[in-house]
1. Could you please find all residues in the range B:255-269 being out of contact with any Cys (no Cβ under 6 Å at 6 or more places or on another chain) and either facing chain A (nearest Cβ under 7 Å) or surrounded by 15 or more Cβ atoms within 10 Å (Cβ to Cβ) (or both)?
2. Within the range A:323-343, restricting attention to residues that are within 24 Å of A:Asn149 (Cβ to Cβ) and surrounded by fewer than 17 Cβ atoms within 10 Å (Cβ to Cβ), which residue is modelled with the highest pLDDT?
3. Kindly indicate which of B:Leu237, B:Leu263 is in a helix (DSSP H, G or I), aliphatic (A, V, I, L, M) and closer than 20 Å to B:Asn138 by Cα.
4. Run down A:Ser199, A:Ser252 and say which single residue is farther than 21 Å from A:Pro135 by Cα, more than 7 Å from chain B (Cβ to nearest Cβ) and either among the acidic types (Asp, Glu) or crowded, with 20+ Cβ neighbours inside 10 Å (or both).
5. Just need a number here: residues in the range A:10-32 that are touching a residue at least 40 places away in the same chain (Cβ under 8 Å), crowded, with 24+ Cβ neighbours inside 10 Å and assigned to a helix (DSSP H, G or I).
6. Out of the residues in the range A:203-234 that are closer than 15 Å to A:Gln142 by Cα, part of a loop (DSSP other than H, G, I, E, B) and charged (D, E, K, R), state the one that is farthest from the other protein chains (Cβ to nearest Cβ).
7. If you take the residues in the range A:114-156 that are more than 21 Å from A:Val171 (Cβ to Cβ), assigned by TED's automatic domain parsing to the domain that holds A:Pro281 and among the hydrophobic types (A, V, I, L, M, F, W, C), which one is nearest to the chain's Cα centre (by Cα)?
8. Show the residue pairs that are 6+ apart or on different chains and have beta-carbon atoms under 6 Å apart, the first residue being within the range B:67-81 and within 12 Å of chain A (Cβ to nearest Cβ) and in contact (Cβ under 8 Å) with a residue 40 or more places away in the chain, the second being outside any helix (DSSP H, G or I) and surrounded by 19 or more Cβ atoms within 10 Å (Cβ to Cβ).
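The values are calculated or read from the model by the stated rules, or taken from the named source; none is laboratory data. Quick caveat, the model's predicted, so the values are computed rather than measured. Cβ: placed from backbone, ideal geometry, glycine included. Neighbour counts: every protein chain shown.
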2 protein chains.
Amino acid sequence: MEPKIIALDAMGGDHGPSVTVAAARLAMDEIPGLELVLVGDREPLAVELEKHGRGNDNRVQIHHASQVVDMDELPAVALKKKKDSSMRVAIDLVKEGRVQACVSAGNTGALMATSKFVLKTIQGISRPAICTTLPGINGHTQMLDLGANLECTPENLAEFALMGSVLAQSVEGIKDPSVGLLNIGSESVKGSESVKRASQLISESRLNYYGFVEGDDIYKGTVNVIVTDGFVGNVSLKTAEGLAAFINHVLSNEFKRNWLTRLAAVCALPVLSSVRRKLDPRRYNGASLLGLNGIVVKSHGSADTSSFMNAIKIASLEIENKVPQRISSAIESYMEQVGEAVT
Amino acid sequence: MEPKIIALDAMGGDHGPSVTVAAARLAMDEIPGLELVLVGDREPLAVELEKHGRGNDNRVQIHHASQVVDMDELPAVALKKKKDSSMRVAIDLVKEGRVQACVSAGNTGALMATSKFVLKTIQGISRPAICTTLPGINGHTQMLDLGANLECTPENLAEFALMGSVLAQSVEGIKDPSVGLLNIGSESVKGSESVKRASQLISESRLNYYGFVEGDDIYKGTVNVIVTDGFVGNVSLKTAEGLAAFINHVLSNEFKRNWLTRLAAVCALPVLSSVRRKLDPRRYNGASLLGLNGIVVKSHGSADTSSFMNAIKIASLEIENKVPQRISSAIESYMEQVGEAVT
């Protein structure tokens, strides 16, 4: 097996090195052939590595970077003024071919802007998109875009369908993933003109197009890939986060009501813990920035070790499956097909 | 107290008279001064009323209508060919002033189209919207639009803010409801031009404007009113429905795993039932069609008795609080204010 080399923006996220280095150690234990480059402030990273007994592990090295992109920094400012940030340098390493992927828990806007600037968009793809895995009754769904593109043309949505399909093949191992287009009714007469036109485009492609899906299909797992614009995708994802927090709040309160319910809580604890584990968003942490000439995975800013580790796993799967190259050939053959249809 | 007279589309919804008549009986028991007109096929309605021992109750009467709008009927078709449907006749009764509100569990599109056609939109309001109550950690939120308007101008969104605010005052009794505009980030630089412009319009109005909110603010209950376009509102609502179903599915499965977990389920049952009751969407059933010259409340098609009864309650609160009149004066004073600002 060829080695897989991933750069970690070791300073990014709410917790910085304490999480990224711990996750690095876990990932090296779990993923065969993995090598890591920790990008960031050399000294604290060396201390952290030493703590985990990996000071002399030749599968991990530190690459110094003197700056850090703040979580609320404007993408344009980060791009201009943070050329030696851990985020920027990690992406530069991808560009230079010194690593095959990078993972960052930093500021999403800055990560997308810097990745686009440094790595450039794959020829034929108009706009990169953010895609993540969501759990559901009948299985996982890859959903995109989650916020990179607020307004999308039908052509953008068709490209997202293609990229999401490649990701579902790569990360989930699904041969011919079914693709649904998010709409407010499953009947073909519903929806805006733009969504209807996107539906037509996707149905004419070689993708396994299911048709329109609705919001409740996301957590049903009706299809393998759900496509929508970044505004709707982001609101939908955050709505789910909010509802999960609310349900959790109600559950905790009800179990704390009196000594009887506290006793019930003790009995139900193993089951509830198992439910929490199953629903734990950390298991699904790691959103792929698709459509770039390189692999970039975004971890949630508040990710803990196991959660950040999952983002590393996703980057590793994308390397194994050569996701950018597959997207590139998929868009090429799509363009040929569209070209043929026109001539 | 003046009597409140509400027409029920007694044939609408998945269950028809078995639910609507049972709910009618419950509502008359619970809401003082309530009178009901059951609109639909006279004979089965009479039988159903008799079953509930209300054959001779002078607070309820049957108004015959010979047709029923199908759940999947196109709004234009319903409007043209179902002039004697229970839905249409119930709305006609509002128009004629013979009742003060109507409640229907029928086809949403047909209900909105027919209501707009018969009752007309309030002067100054460009488009009616659908608004519902959602529960949250810090209290209830009125959210609109939920699907009547797929694409909205900033002016539409500002009108929704005003209408939602009136509804929160009326249904929740909140004096000066806080209003949030749904966006993909709370920073003022984020979002589409249209959302930014809407934000400016609402902030210039006399409403208690909170600013941008995100998807997770919905079930946090961050604000009393959340405004968005019908596409985003519908997807968000259905995402929540799907996630709730998924969580329920995981919970049930985990509790059924083995005899130990089944035992835990028995212990936890009272608490879980109480949680289910708290989260039960039936408690919040009843979406208001706002911006019409008359009160129309839409019940979920699959509503059961207690759920349909809740929709009747909302209609009753809207009558007490004269919602259409209040929206009308609010938009008038808003127009004056805008006019002043211009001159």
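1. Once the filter is applied, which keeps residues that are out of contact with any Cys (no Cβ under 6 Å at 6 or more places or on another chain) and either facing chain A (nearest Cβ under 7 Å) or surrounded by 15 or more Cβ atoms within 10 Å (Cβ to Cβ) (or both), the range B:255-269 yields B:Phe255, B:Thr261, B:Ala265, B:Ala268.
2. Applying the first criterion (within 24 Å of A:Asn149 (Cβ to Cβ)) to the range A:323-343 yields A:323-335, A:337-338.
Now narrow it down to the ones that are surrounded by fewer than 17 Cβ atoms within 10 Å (Cβ to Cβ): A:325, A:329, A:332-333, A:335, A:337-338.
Details: A:Gln325: 96, A:Ser329: 93, A:Glu332: 90, A:Ser333: 89, A:Met335: 85, A:Gln337: 82, A:Val338: 77.
Per the criteria, the residue is A:Gln325.
3. Values: B:Leu263 fails: closer than 20 Å to B:Asn138 by Cα.
Being in a helix (DSSP H, G or I), aliphatic (A, V, I, L, M) and closer than 20 Å to B:Asn138 by Cα holds for just one of B:Leu237, B:Leu263, which is B:Leu237.
4. Values: A:Ser252 fails: either among the acidic types (Asp, Glu) or crowded, with 20+ Cβ neighbours inside 10 Å (or both).
One residue alone meets the criteria, A:Ser199.
5. Final tally of qualifying residues: 5.
6. A:Asp229
7. Among those residues, the one meeting the criterion is A:Leu150.
8. Short answer, once both residue conditions are applied: B:Met71/B:Asn107.
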